[in-house]
Every structure is written in structure tokens, then in C-alpha cells.
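What follows is one structure encoded as C-alpha cells, with my remarks underneath.
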Amino acid sequence: MTFLQRLVTIGMVILGTVLTRFLPFLIFPAGKPTPKYIRYLGRVLPSAVFGLLVVYCLRNVNLLAGSHGIPEFISILLVILLHLWKRQMLLSIAGGTVCYMLLVQLVF
């Protein structure tokens with residue numbers, strides 16, 4: 001890349017970062033109520049992302065070969081139990097990931 005291309009790339013990255021940081025505060029100022037559809041998205045998107053993550057992680061599980069999906073099932077069970085216990089999505093995801101990696105690397 002030439003010096004000008006590098007400069008333009010850095011400028012675009014800075015512009016994109018600034019826009020994503022400040023645009024919500026400009027669109028939704030503190031004095032005005034948040035629109036209903038934004039509140040709706042804030043309520044449903046975390047669960048939708050979690051569901052998408054489950055589908056993505058289980059898309060290649062073959063129940064008829066290898067470990068027959070046992071590490072995946074155990075990890076899903078741990079995720080459910082952690083989430084019911086602590087109600088913290090990050091803890092549930094991290095706990096399930098660590099459990100799965102340990103099972104795959106050390107047990108199966």
C-alpha cells in the first residue's frame with residue numbers, strides 16, 4: 001500500500017470508530033424517550049444471538065460417529081445449569097466453552 005492508501009485506510013477506521021461510538025448518542029439524546037422498536041431489539045437480540053450461537057456450534061455434530069455428541073451434550077447441559085444458577089450469559093458461554101474444550105482435549 002502506498003502512503004496515501006495507508007492514510008486513507010487509517011482515516012476510514014477512525015471515522016468508523018467515531019461514528020459507532022457517538023452516533024447513538026446523537027440519534028437518541030438523553031432527554032428524549034427511547035423508541036419502542038429500539039427497546040424491543042434490546043430485549044430480544046441477546047436471546048437471538050445466543051440461539052444463533054447454539055445453532056452455529058451444533059451444525060456439524062454427527063451423532064453416529066466419533067464421540068456421538070457426548071461432549072456437546074454435556075457442555076450444553078452445563079451452559080443451561082450455569083445460566084439458571086447465575087443468569088449471566090457471559091459466564092454461561094465461557095463455562096460451556098471451557099467444559100467442551102477440556103472434554104475434547106482430555107477425555108474424548
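Please treat every number below as a calculation from the coordinates, not as lab data. Only a predicted model underlies this, so the values are computations on that prediction, with no experimental measurement involved. With ideal geometry, Cβ positions are generated from the backbone for all residues, glycine too; neighbour counts draw on all protein chains shown.
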Could you work out which residue, out of 18, 55, 98, moves most in a Gaussian network model of the chain, that is, has the largest mean-square fluctuation with Cα springs under 10 Å? 18
GNM, the chain, Cα, under 10 Å: largest mean-square fluctuation among 20, 97, 34? 20
Could you identify which residue out of 25, 50, 73 has the top mean-square fluctuation in a GNM of the chain using Cα springs shorter than 10 Å? 25
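Given Cβ point charges of +1 (Lys, Arg) and -1 (Asp, Glu) and nothing else, what value in debye, to the nearest 20, does the dipole of the chain about its Cα centre take?
Details: 9 positive and 1 negative charges, 110 e Å.
Taking the Cα centre of the chain as origin, the dipole is about 520 debye.
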Here, residue 14 and residue 74, labelled 7 Å along Cα→Cβ, have an inter-label distance in nm of 5.2
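With the contact rule set at Cα under 8 Å and sequence spacing of 6 or more, what percent relative contact order holds for the chain? All intermediate terms of the calculation are to be shown ahead of the outcome.
Working: 35 pairs, mean separation 17.0, N = 108.
Relative contact order for the chain comes out at 16 percent.
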Roughly how far apart, in whole Å, are the Cα centres of region 38-66 and region 85-104? 14
